[in-house]
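Here the structure comes first, spelled out in structure tokens, and everything after it is commentary.
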Amino acid sequence: MDHVQRLASKNAVVIFTKSSCCMCHVVKRLFYDLGVNAAIYELDKDPWEREMEWALSRLLGNPSVPAVFIGGKFVGTTENVNTLHIQGTLVPMLKAAGALWL
């Protein structure tokens, strides 16, 4: 669990995903289109996949991906991130975390 927390706080934006997940692709594309250089951890390509999924489920109470962290804090999955973006609060949050400079 400590490993996941360290990874989540290492960069301004961290996304835990699976390469075969279409919703993960949606979230990664949103951040890419916004100009954010997110740290992406593809769980299905990591030798510690099971341990990381377990840690995410323990930390978040939900094993679903994508799991998006901004400024070291869990923001949510696709629905939460899209809601923040539609409400206009995602970009200010990214700026505050140092992920955007414009």
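The values are calculated or read from the model by the stated rules, or taken from the named source; none is laboratory data. Note that the structure is predicted; figures quoted are calculated from it, not measured. Ideal geometry is used to build each Cβ from the backbone, glycine not excepted, and the neighbour counts take in all protein chains shown. The accessibility values were calculated without ligands, DNA or RNA, using every heavy atom of the protein model including side chains. Shrake-Rupley method; radii C 1.70, N 1.55, O 1.52, S 1.80 Å.
With P(r) over Cα pairs in 10 Å bins from 0, in percent defined as stated, name the option among (1) 13, 33, 26, 17, 8, 2, 0; (2) 16, 54, 27, 3; (3) 15, 51, 31, 4 computed from the structure displayed. Comparing each candidate, only (2) matches the computed number.
Carbon and sulfur together cover what percent of the accessible area of the chain at a 1.4 Å probe radius?
53 percent
Give 45/73; 73/95; 45/95 a once-over and call out the pairs whose C-alpha atoms are over 21 Å from each other. Table pairs above 21 Å Cα-Cα are 45/73; 45/95. Bridging of residue 18 to aspartates and glutamates at a Cα separation below 19 Å is possible for 42, 44, 46, 49, 51, 53, 79, once same-chain residues fewer than 8 apart are set aside.
The local environment of residue 9, defined by Cβ-Cβ distances under 12 Å, has a net charge of +2 under the rule Lys, Arg +1 and Asp, Glu -1. Calculated accessible area for region 1-56 comes out at 61 Å² per residue, all protein chains present (probe 1.4 Å; ligands, DNA, RNA ignored). Computed about its Cα centre, the charge dipole of the chain is approximately 240 debye, with only Lys, Arg, Asp and Glu carrying charge at their Cβ.
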